[in-house]
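Asker: Mind having a look at this structure? Questions to follow.
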């Protein structure tokens with residue numbers, strides 16, 4: 001058993017899950033916005049990083065990790081809401097490239113401002129968990145307390161979002177507003193408010209993701225630190241289907257594992273080529289994602 | 001109609017050739033006066049032609065050629081007026097115009113957008129670097145063509161999914177390509193030099209056909225950036241001419257139909273998938289050509305130049321200039337040529353520490369901010385504003 | 001009671017409604033009839049605030065609705081079952097009903113039980129996706145979803161569309177009973193004039209956005225001209 005747990009394949013699997021949950025979270029936050037507004041939030045990573053800076057750089061460095069994280073989440077909620085109200089709202093009904101351009105502009109502004117205020121050098125967040133892998137019979141298991149914390153936090157966030165959507169009145173209205181905006185208005189759903197709430201939720205999920213990424217000793221917090229993660233998260237969401245929250249999360253996890261195996265058995269530089277290849281092939285075969293039912297029926 | 005077009009085309013080509021030859025011959029600063037006179041003459045003829053709608057309709061190709069020549073001439077004139085460092089800025093800006101023309105074509109003809117044209121520039125830039133490493137004596141033009149083809153090839157592969165994709169998916173895919181470009185270069189680090197990039201084996205020497213125009217002073221050309229700026233501008237002129245014709249061609253018009261209405265396009269027999277892939281491939285090829293010129297001007301190529309930020313900058317320039325239009329691309333290139341100077345001027349006047357965080361991020365904040373403001377308040381950019389203003393003036 | 005006064009609506013250059021005025025009293029069914037493109041759907045959309053009129057007002061029991069947002073008009077007790085029913089296919093039957101109850105107060109369980117008593121088939125299928133329902137069942141779901149919030153005004157847009165004659169007859173009977181029992185103001189838009197006039201007390205006939213008749217259903221039913229030229233009713 002011990003030998004199995006420290007074997008190469010199990011190590012790859014654990015490492016893959018650890019990064020996969022991050023891609024899954026990014027994919028989830030992209031889906032939250034896509035479903036309701038048909039927009040791909042290219043500034044998602046930058047907004048998340050900005051919220052994280054607010055949580056961890058404005059407060060004193062000695063501030064408790066959990067307090068900082070809470071501040072980052074609140075900052076994410078506010079940033080998401082303000083962005084929807086001020087920047088996104090005038091763009092509904094415009095050609096589809098307009099919101100893309102606007103969000104890319106926001107990405108550039110936020111990353112530049114973050115770098116101007118806090119510099120481009122990486123800032124290490126002091127996590128309450130060790131990044132040293134656990135040992136079994138003096139052999140390392142590819143899992144550290146920090147990695148476990150990362151996985152558990154991600155799963156908790158996903159569970160909270162899922163429960164919110166499935167079991168609450170707010171979730172019902174959010175789903176209805178996304179599926180049938182006009183019918184929802186006729187039933188009294190304040191659709192505009194739901195769109196704002198969707199952006200708030202998405203950015204808050206993003207903030208948690210960025211905190212997790214930045215808590216990792218090896219990456220730290222940098223203004224453009226989410227660019228690469230965002231790219232992988234987008235690939236996951238596009239493969240899983242931007243309409244399907246479950247599909248996006250599953251494909252995020254799966255991609256994390258696949259990349260880990262490719263990196264270990266082939267070459268760590270090959271990962272990105274595999275990712276692009278997977279994206280191109282899957283988009284050609286299933287343009288709307290693997291998990292999206294073709295031609296969803298609407299009445 | 002066909003005859004008119006054909007004769008128009010030959011007139012245009014001859015005019016272009018003559019103008020190119022003259023401009024190249026006179027681009028040494030001692031002959032400033034002559035070049036100036038020529039430019040004024042061409043400008044006059046061009047303006048007359050453009051102002052006559054009948055001529056414009058009868059000889060569209062000639063008109064486009066004249067406009068290209070006028071733009072080239074004005075830009076080359078500029079290189080007489082500025083210092084050597086600005087020369088390379090002009091060269092870089094001209095090359096950027098080519099990239100912007102490509103992106104403008106993609107958006108103008110298919111309504112799609114690419115966030116990866118910085119990486120496509122990198123494809124062209126590295127093609128030149130790698131080729132020069134092995135075949136230093138290849139003629140300049142051949143190298144440029146090679147780089148353009150390399151860009152088209154990569155664009156074709158990445159553009160294949162574009163046949164079935166709508167905007168946001170394609171934009172996301174190109175973003176992934178842009179973000180991943182550095183890592184992709186690392187995969188082939190034995191060719192690309194990895195993180196440090198490539199240095200051209202020797203300074204690019206002006207080709208013989210160009211040098212012979214300058215006579216005995218040719219050796220000085222090797223170190224002067226002026227001729228590179230002129231080459232960049234000339235190539236830009238040719239690219240501009242070709243693009244203007246592509247915009248106006250049957251294919252170009254059919255593509256605009258694709259952008260405006262999928263169903264209508266299919267009804268008149270336009271193949272949607274093919275139109276999208278062509279647009280994407282052309283934009284990648286143009287980007288690669290611009291990148292190839294950058295390598296020549298910089299005499300080296302570094303992966304950090306072709307990062308994600310460059311792709312966003314390209315998008316900013318084309319949107320601020322006027323997305324989907326040819327004038328917009330030219331305006332964007334001019335903005336880029338002067339942006340570095342403008343930003344350092346601004347840094348000095350704001351009293352910022354030039355080495356500080358704020359100063360180093362000023363361009364990002366300004367470009368990003370302008371990008372957002374433009375798309376919200378003036379989605380057609382400067383070109384759109386000018387056009388609207390012009391219409392208001394004409395119709396009172 | 002709904003009072004429509006001088007209502008004009010246009011889509012760009014196209015005038016969809018031209019000073020339309022009529023009253024729809026409480027406890028009665030007012031049928032709005034006319035050919036395709038007469039402006040019937042636009043009229044309902046203007047009442048519930050989905051389109052804003054150029055001129056004129058709509059009021060309910062003295063409250064002016066015009067200028068308010070749809071979400072607020074709904075909260076004043078105006079339920080609108082749109083053309084095509086607007087059932088959310090991805091939702092289960094019960095989720096559709098829960099959504100309808102969102103603006104109401106009181107116990108959700110009681111309200112659900114009440115609707116399942118009126119429409120037993122919905123109770124049997126409460127956990128099924130609405131996509132699996134038949135046309136008639138969807139129409140019932142749409143009605144139940146509108147009624148669950150206890151509205152005082154019910155706007156129905158072509159409820160009989162795509163239904164078999166027998167199902168239509170049952171549906172019309174149900175509408176009539178509901179109207180009487182709940183003292184509802186029902187505005188019933190129908191292309192099927194025969195079945196609408198059978199249950200309606202009043203009728204408004206529209207022709208390209210203009211009211212050509214506004215009277216009791218009986219008068220309209222017996223008017224040879226109206227029947228032939230505007231309603232296309234041939235015996």
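No lab work stands behind these numbers, since they all come straight from the coordinates. Just so we're clear, the structure is a prediction, and the values are computed from it rather than from any experiment. Glycine also receives a Cβ, built like all others from the backbone with ideal geometry; neighbour counts cover every protein chain displayed.
Asker: Within 10 Å of each Cβ in peptide A:227-235, how many partner chain Cβ atoms are there on average? Round it to a whole number, please.
Answerer: Numbers: counts 6, 6, 1, 4, 9, 3, 2, 8, 5.
Per residue, the number of nearby Cβ atoms from other chains is 5 on average.
Asker: Next question. For a protection proxy built on the mean count of beta-carbon atoms within 10 angstrom, sort C:18-24, A:17-23 highest first, please. Walk me through the numbers before you get to the answer.
Answerer: On the way: C:18-24: 19.1, A:17-23: 24.7.
Output ranking for C:18-24, A:17-23: A:17-23, C:18-24.
Asker: With a 10 Å radius around each residue's Cβ, average the other Cβ atoms per peptide and rank C:9-17, B:113-121, B:327-335, B:290-298, highest first.
Answerer: Details: C:9-17: 14.8, B:113-121: 30.9, B:327-335: 24.9, B:290-298: 27.8.
Ranking the peptides C:9-17, B:113-121, B:327-335, B:290-298 by packing returns B:113-121, B:290-298, B:327-335, C:9-17.
Asker: Just checking the output field for C:42-52: average partner chain Cβ neighbours within 10 Å of each residue's Cβ? Walk me through the intermediate numbers first.
Answerer: Details: counts 0, 0, 0, 2, 0, 0, 2, 2, 3, 0, 0.
Mean shielding by partner chains, rounded to a whole number: 1.
Asker: Which of A:212, A:108, A:77 moves the most in a Gaussian network model of chain A with Cα springs under 10 Å?
Answerer: A:108
Asker: What angle, in degrees between 0 and 90 and rounded to the nearest 10, separates the Cα long axis of helix A:8-37 from the longest principal axis of the Cα atoms of chain A?
Answerer: It works out to around 10 degrees.
Asker: Hey, what number do you get for chain A at 222 nm if only DSSP H runs of n ≥ 4 count, each worth -39500 (n - 2.57), divided across all residues, to the nearest 500? Intermediate values should be presented prior to the final figure.
Answerer: Numbers: 12 runs with 201 residues, N = 299.
Taking each H run of at least 4 residues, the total per residue is -22500 deg cm²/dmol.
Asker: I would also like to ask the following. Compute the helix-to-body angle for A:65-83: its Cα long axis versus the longest principal axis of chain A, expressed 0 to 90° and rounded to tens.
Answerer: Between helix and principal axis, roughly 30 degrees.
Asker: Still on this structure: Once both axes come from the Cα atoms, what is the angle between helix C:135-147 and the longest principal axis of chain C, in degrees from 0 to 90, rounded to 10?
Answerer: 90 degrees
Asker: Something else now. On average, how many beta carbons from a partner chain sit within 10 Å of the beta carbon of a residue in B:184-195? Can you show the working numbers first?
Answerer: Details: counts 5, 1, 4, 7, 1, 1, 0, 0, 0, 0, 1, 0.
Mean number of neighbouring Cβ atoms from other chains: 2.
Asker: Now, a different point. Hey, can you rank B:343-353, C:181-191 by average C-beta count inside 10 Å, highest first?
Answerer: On the way: B:343-353: 12.3, C:181-191: 21.1.
Going from most to least packed, we get C:181-191, B:343-353.
Asker: In addition: Separation between the residue C:215 and residue B:188 pseudo-spin-labels, each 7 Å from Cα along Cα→Cβ, expressed in nm?
Answerer: Going from the residue C:215 label point to the residue B:188 one covers 8.4 nm.
Asker: Still on this structure: To make sure I understand, if each residue's beta carbon is the centre and we count other beta carbons within 10 Å, what order do A:209, C:70, C:132 fall in, fewest to most?
Answerer: Working: A:209 32, C:70 24, C:132 12.
Ranking A:209, C:70, C:132 by Cβ neighbours within 10 Å, fewest first, gives C:132, C:70, A:209.
Asker: Another one. Fewest first, what order do B:188, A:56 take by the number of other Cβ atoms within 10 Å?
Answerer: Working: B:188 13, A:56 25.
Fewest-to-most ranking of B:188, A:56: B:188, A:56.
Asker: I would also like to ask the following. Which order results if A:144, A:112 are arranged by neighbouring Cβ count within 10 Å, fewest first?
Answerer: Details: A:144 19, A:112 26.
The fewest-first ordering by Cβ neighbours comes to A:144, A:112.
Asker: So if I take the centroid of the Cα atoms in segment A:168-244 and the same for segment B:91-105, what is the distance between those two points in Å?
Answerer: 35 Å
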